[in-house]
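Below is one structure; the comments refer to it alone.
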Amino acid sequence: MRIKLLNTKETAEILNVSEAFLERDRWAGARIPFIKVGARAIRYRIQDIERYLDDNLCFSTSEGVRS
């Protein structure tokens, strides 16, 4: 089985957010799951990114933000 892992820059581009946003997310409790490879490398699975997007889909601006 081969799983495509994305780095922080690739993930930020997909989500249209900054790399700093993802760094803060990891520091604050990781709403977007990530994988630590070795001591420093951070990777994201595309299926986790897709699940995050699905879980945060809103239909009104008055809906609360999920954590």
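In the chain, Cα pairs under 8 Å separated by at least six residues give a relative contact order of 32 percent. Simple point charges give the picture: +1 on the Cβ of Lys and Arg, -1 on the Cβ of Asp and Glu, and for the chain a dipole about the Cα centre of about 400 debye.
Helices in the chain, meaning DSSP H runs of at least 4 residues, each add -39500 (n - 2.57). Divided by all residues, the mean residue ellipticity at 222 nm is -12000 deg cm²/dmol. Summary: within the chain, the longest segment free of trypsin sites (Lys or Arg not before Pro) located in DSSP loops with at most 16 other C-beta atoms within 10 Å is 5-30.
Anyone know which of Ile49, Ile32, Ile14 comes out most mobile in the 10 Å Cα GNM of the chain? Of Ile49, Ile32, Ile14, the most mobile in the Gaussian network model is Ile14.
Spacing of the modelled spin labels on Leu5 and Ile35, each 7 Å from Cα toward Cβ, amounts to 0.5 nm.
Label sites at Ala28 and Glu13, each approximated as a point 7 angstrom past Cα along Cα to Cβ, lie 2.5 nm apart. Of the residues Val37, Ser62, Thr8, the one whose Cα sits farthest toward the positive end of the charge dipole of the chain, with +1 on the Cβ of Lys and Arg and -1 on the Cβ of Asp and Glu, is Val37.
Any read-out appearing in this document is the output of simple, stated calculations on the displayed coordinates, not a laboratory observation. It should be emphasised that the depicted structure is a prediction, and the values quoted were computed from it without experimental measurement. Using ideal geometry, Cβ is built from the backbone for each residue, glycine included, and neighbour counts are taken over all protein chains shown.
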